[in-house]
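Novice: For reference, the structure I am asking about is given below.
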Amino acid sequence: AYGAVDQMCCQISPHSVLVEDHLQYFHFAGRLLGKALFDGQLVQAHLVRPIYKHLLGWPLLFSDLEQVDHETYNGLLQMLELDDVSVCCVDFTVTEERFGAAETIDLKPGGADIDVTNDNVGEYLEALL
């Protein structure tokens with residue numbers, strides 16, 4: 001999959017779970033990239049910034065979401081500009097599509113019962129990352 005902002009940058013596809021042993025492929029690709037970097041070789045693999053930050057052990061920031069999902073990033077920015085975020089009727093869950101079916105995932109235990117308010121909107125954004 002390509003980055004939301006820069007179509008020349010690659011990111012991990014959420015559909016990679018369809019491939020058997022997909023984590024072993026990522027592990028191999030990471031070792032290959034690490035070996036090349038260790039040996040001082042230039043690698044023509046353009047990855048989205050959050051992947052580089054993960055490889056370096058740097059913390060992800062809210063602004064990094066823009067490179068992965070531009071629409072979600074803009075929507076969350078608009079939510080932050082509201083005087084009262086509770087009008088969005090959002091809770092601590094996300095809905096993901098898997099194999100054509102929608103699945104709701106709690107961002108924290110009991111997330112479906114916790115509404116996002118002005119007091120906990122920062123915690124909600126952190127949980128999304």
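Novice: Restricting to Cα atoms and excluding each atom paired with itself, what does the Kirkwood estimate give for the chain in Å?
Specialist: Numbers: mean 1/r = 0.0589 Å⁻¹.
Value: 17.0 Å, from the Cα pair sum.
Novice: Consider a paramagnetic label point 7 Å from the Cα of C89 along Cα→Cβ; state which residues of the range 96-129 have an amide N under 19 Å from it.
Specialist: Inside the label zone: 96, 103-105, 111-118.
Novice: For a Förster distance of 22 Å, can you work out the FRET efficiency between the beta-carbons of R98 and L61, rounded to the nearest 0.05?
Specialist: 0.20
Novice: Between C10 and T72, what is the spin-label point distance in nm, taking each point 7 Å from the Cα along the Cα→C-beta axis?
Specialist: So the label points at C10 and T72 sit 2.1 nm apart.
Novice: Stick to the Cα atoms of the range 72-129, pair each with every other, and give me the Kirkwood hydrodynamic radius in Å at one decimal.
Specialist: Over the range 72-129, the inverse of the mean reciprocal pair distance is 12.0 Å.
Novice: Given H placed on each backbone N at 1.01 Å, which residues far from V90 in sequence or on other chains put an amide H within less than 5 Å of it?
Specialist: So V90 has HN proximity to V116.
Novice: Taking R0 as 30 Å, what's the FRET efficiency between D106 and V19 from their Cβ-Cβ distance, rounded to 0.05? Before the final figure, lay out the partial values.
Specialist: Numbers: r = 26 Å, r/R0 = 0.88.
Here the calculated transfer efficiency is 0.70.
Novice: Given the DSSP H assignment, sum -39500 (n - 2.57) over each helix run of at least 4 residues in the chain and divide by its residue total; what's the result at 222 nm in deg cm²/dmol, nearest 500?
Specialist: -11000 deg cm²/dmol
Novice: Looking at the chain, send over the antiparallel percent of its DSSP beta bridges, to the nearest 5. Please report the intermediate quantities before stating the final value.
Specialist: Details: 8 of 9 bridges.
In the chain, DSSP labels about 90 percent of beta bridges as antiparallel.
Novice: Taking amide H positions as placed 1.01 Å from N in the peptide plane, with prolines and chain starts having none, which residues 5 or more places from C10, or on another chain, fall under 5 Å of its amide H?
Specialist: The list, which skips near neighbours in sequence, is G3, H46, L47, V48.
Novice: Percent of accessible area on the chain owned by carbon and sulfur, 1.4 Å probe?
Specialist: Roughly 57 percent of what the probe reaches on the chain is carbon or sulfur.
The values are calculated or read from the model by the stated rules, or taken from the named source; none is laboratory data. Everything quoted here is computed from the prediction, not taken from an experiment. Note that each Cβ is placed from the backbone with ideal geometry, even for glycine, and that neighbours are counted across all protein chains shown. When the accessible area is computed, the model is the full protein with side chains, heavy atoms only, and any ligands, DNA or RNA have been set aside. Shrake-Rupley method; radii C 1.70, N 1.55, O 1.52, S 1.80 Å.
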